[in-house]
1. Once both labels are modelled 7 Å past Cα along the beta-carbon direction, what's the residue 57-residue 9 spacing in nm?
2. Let me know the volume per residue of the alpha-carbon convex hull for the chain, in Å³.
3. Calculate the FRET efficiency for residue 75 and residue 27 from the Cβ-Cβ distance with a Förster distance of 41 Å, rounded to the nearest 0.05.
4. At 0.36 nm per residue, minus the direct Cα-Cα distance, what do residue 44 and residue 84 gain on full extension? Give it in nm, one decimal, please.
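Just so it is clear, none of the values below were taken in a lab; they were calculated from the coordinates. Predicted, not measured: the structure shown is a model, and the values here were computed from it. With ideal geometry, Cβ positions are generated from the backbone for all residues, glycine too; neighbour counts draw on all protein chains shown.
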């Protein structure tokens, strides 16, 4: 399986996720969120390694990537270099 799927029904507070095996999203569900939010996250690992999970709808956010100007990108790079040098 090479696709991730989000499905939800209007009026529901949770969404169902089907996630590729080994994807960063599947790993977050299994390793991080199921432990930090056990009352809100349920998941099942399928035979092929894909993950089927339920999470709160309010966790799903769709937004375009932030655009940075060349000047902002340069300043961010300088901050990163300073942090690495410390």
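1. In this crude label model, residue 57 to residue 9 measures out at 1.2 nm.
2. Normalising the Cα hull of the chain by residue number yields 159 Å³.
3. E between residue 75 and residue 27, to the nearest 0.05, is 0.80.
4. That works out to 10.5 nm of additional length.
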